[in-house]
Amino acid sequence: MNQLLDSFGRAHSYLRISVTDRCNYRCVYCMPEEGMNWAPRAEILTYEEIGRIVGVVAKMGVSKVRITGGEPTVRSDILSLIATVAATRGINDVAMTTNGHTLAKLAPQLVAAGLSRLNISIDSLNRRRFALLTRGGSLDRVLAGIRAARDSGLTPIKLNVVMLRGHNEDELFDFVDFCAGHAEDTQLRFIEYMPFEQRRYQTVPSDELRQRLMARYTTVVGPMRNQNDGPAEGIILVESGLHVGFISPLSEHFCATCNRLRLMANGHLRTCLAHEDTPSLRDLIRYGASDTQLSEAIQAMVLGKPIGHACEVEGGTVFEGTMTAIGG
Ligand code: SAM
Ligand code: SF4
């Protein structure tokens, strides 16, 4: 099988798709409060176009797809897209990242559509702070969504937390307590804040969080990840059995083993967060490209993938664009 190799020998088996740049929340580190320049609807890939691209890359070695955004659940009929992707030959894992706001109702329908797994973002367990960080989000709705996801069997659930210096880092052990009773079906993951366009917050390096956990709990190194597991290196807290992962794009670059491609809401393929967008697959499709031409274009884009990015915990570069259009 074609392995979708880049010029550094990295094989690409994982496609993240931003299905919309819109969202029902406005997390402080992700979006401005107002004045977002949403892409006009006509510029956003249709489900048919996304399905076609997934079919092409599945033949090139992609086996895992993550549906993300923006908030994927605000795009109408998201279930039909999940069903299309899940039914694509060669795709054996369809995951989604969501803020969980509508999950209480949606979770069983996601399972029926063929979703394999779910990541849910939750940056505070304090109702007031949660509302501040999300600019109006409802902690109660997200907690209900987490319960519904568990009840529907969408497990293991990964709870994503972006720690911001001075804002929520004091909740580290609260998150552990919250998850500890659910270690069999819930994993906790801390994501380093990445500056897009400008550095608005201070990143809390993963190792600092790891050291705080190791000082308080008995820990062992988490199981070795396989290629589809993504970049979260983890530890297990022995007392509870909780798996805690750390996604450290800044302090522990995982560029050398990067297996991901990002299909942006507007149809551009980002082969690397630090790389300018490649030509639009949407335009190629709308100009009538055949599957062979699409596949050749994608291979050429992947060959142009840079070796890595140069963003650091402090200093270095910042990323271009918005996380929502690129797909977080
Ligand atoms: N709306 C969904 C959600 O919040 O889960 C999916 C899209 S969101 C962009 C995906 C993930 O990216 C979330 O876990 C979010 O916390 C994270 N994220 C957004 N902006 C980020 C940033 N600047 N640095 C690090 N993570 C970020
Ligand atoms: Fe929306 Fe997710 Fe960004 Fe929050 S992190 S504003 S929920 S896209």
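FYI, it's all coordinate maths here, none of it is from the lab. Every value quoted in this text rests on a predicted model; they were computed, and no experiment measured them.
Amide H of Thr219: which non-local residues (sequence gap of 5 or more, or other chain) have their own amide H closer than 5 Å, using H built in the peptide plane?
Hits under the 5 Å cutoff: Val238.
Kindly write out, for the stretch 70-76 in residue order, the coupling ³J(HN,Hα) from the Karplus curve 6.51 cos²θ - 1.76 cosθ + 1.60 (θ = phi - 60°), rounded to whole Hz, with x marking Gly and Pro.
Per-residue couplings from phi come out as x, 9, x, 6, 8, 7, 5 Hz.
Going down the list Lys105/Lys158; Lys158/Lys305; Lys64/Lys305, which pairs span over 24 Å between their C-alpha atoms?
Lys158/Lys305
Could you tell me what fraction of 2.2 N^0.38 Å the Cα radius of gyration of the chain comes to, as a two-decimal ratio?
Ratio of Cα Rg to 2.2 N^0.38 Å: 0.95.
Using θ = phi - 60° and the Karplus form 6.51 cos²θ - 1.76 cosθ + 1.60, what ³J(HN,Hα) does each residue of the stretch 53-62 get, whole Hz, x for Gly and Pro?
Using θ = phi - 60°, the values come out as 5, 4, x, 5, 6, 5, 6, 9, x, 6 Hz.
Can you run phi through the Karplus equation (6.51, -1.76, 1.60; θ = phi - 60°) for the stretch 279-295 and list ³J(HN,Hα) in whole Hz, with x for Gly and Pro?
Working through the residues one at a time gives x, 6, 5, 4, 5, 4, 5, 6, 8, x, 4, 7, 4, 5, 5, 4, 5 Hz.
Amide H to amide H under 5 Å from Lys305: which residues, 5+ apart in sequence or cross-chain, H placed 1.01 Å off N in plane?
Those qualifying (amide H under 5 Å, at least 5 residues apart or on another chain) are Ser7.
Taking the chain as a Gaussian network, Cα atoms linked when under 10 Å apart, which of Leu103, Leu132, Leu188 shows the biggest mean-square fluctuation?
For the chain, modelled as a Gaussian network with Cα springs under 10 Å, the answer is Leu132.
What residue among Arg127, Arg270, Arg141 shows peak mean-square fluctuation when the chain is described by a Gaussian network model with Cα springs under 10 Å?
Checking each option, the largest mean-square fluctuation is seen for Arg127.
Round to a whole angstrom and tell me the spacing of the C-alpha centers of the stretch 50-69 and the stretch 1-40.
Using only Cα atoms, the two centres lie 13 Å from each other.
For Gln187, what residues show an amide H to amide H distance below 5 Å, using hydrogens built from the backbone and excluding near sequence neighbours?
Ile157, Lys158, Leu159
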